[in-house]
Amino acid sequence: MTDVSPTPDFRASPVPRHVAVIMDGNGRWAREQALPRQEGHRAGMEAVREVIHGAAEAGVEILTLFAFSTENWFRPEEEIMALMTLLQLYADQEKDELRERNIRVRVLGDLSPLAAPVRDAIRRIEETTKQGSRLLVNLMVSYSGRAEILRATRSLARRVALGELDPDDIDEADLDAALDTCGLPDPDLLIRTSGEFRISNFMLWQLAYTELHITPVLWPDFTREHLFEAVCEFQRRERRFGRVTSPAS
């Protein structure tokens, strides 16, 4: 584990309840180190540990990590296999420590394309950590914001076809309830590493009023101190949700 400085005192202003992270830059990091891409993904696992522990220290309640997109299935087979192996290893190696730290893990997305051993590892970490109440970690795997909205739309359409729902009565709450993130508050803060200014088909519905923090740091180099910096920046912002808090001058 990386040596860290003391956790800042975040009590002066509310900490973001829900932080989402687009973990980007593993391949670029590996290239800069003259290493195979798989080594970048392996190094990125340490950053996952750092951010999970840092989020718990900062008082974040929910941490959502974009681990593997549906578009990633189009990457070279060797890289996909390496990523799935890392996911399986992470689930099996980390589940007991996460339980001890009172951290719960859920894996969200379309898991049907995953191999049976990977799905079994996901089931084990979810079962082992299900009582965790200090921090909820959502790993988004085989996930796409557009695909999620399509699944939700089809679910609502089936309810309409069965006569359970009037199309004119469908509201935001109905769509929320059909999403993978049902029951979760929208992210307050989105962190994207590697300096890219895009959201990459991630949580398209949920990010409507999320504060954005873009950092040039590549994901394997991202530490809990970088997370703390993002939280402190968030605390200095005024969230308006499309409204104004004082009369315009």
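Here, each number is a calculation from the coordinates, and none is a lab measurement. Keep in mind that what you see is a predicted model, and the values were worked out from it rather than measured. Neighbour counts are summed over all protein chains in view; Cβ atoms, including those assigned to glycine, are modelled from backbone coordinates with ideal geometry.
Of the residues making up the stretch 10-25, those that are touching a residue at least 40 places away in the same chain (Cβ under 8 Å) and more than 17 Å from L139 (Cα to Cα) are F10, A12, S13, P14, V15, P16, G25.
Would you call D9 more than 17 Å from the chain's Cα centre (by Cα) and in a loop (DSSP other than H, G, I, E, B)? The answer is yes for D9. Close Cβ contacts (under 8 Å, 6 or more residues apart or on different chains) running from residues in the stretch 37-53 that are closer than 11 Å to L86 by Cβ and touching a residue at least 40 places away in the same chain (Cβ under 8 Å) to residues that are of a type in the set (S, T, Y) and part of a helix (DSSP H, G or I) comprise M45/Y90; V48/Y90. Report yes if some residue within the stretch 67-90 is under 19 Å from V217 (Cβ atoms) and touching a Leu at 6+ places or on another chain (Cβ under 7 Å); otherwise report no. Looking for residues that are under 19 Å from V217 (Cβ atoms) and touching a Leu at 6+ places or on another chain (Cβ under 7 Å), one finds at least one in the stretch 67-90, hence yes.
Taken over the stretch 118-164, the residue count meeting the criterion of being within 27 Å of A82 (Cα to Cα) and either β-branched (V, I, T) or free of Cβ contacts under 8 Å to residues at least 12 places away in the same chain (or both) is 11. Screening G183 against (1) assigned to a loop (DSSP other than H, G, I, E, B); (2) over 15 Å from R17 (Cβ atoms); (3) free of Cβ contacts under 8 Å to residues at least 60 places away in the same chain leaves a single unmet condition, (2).
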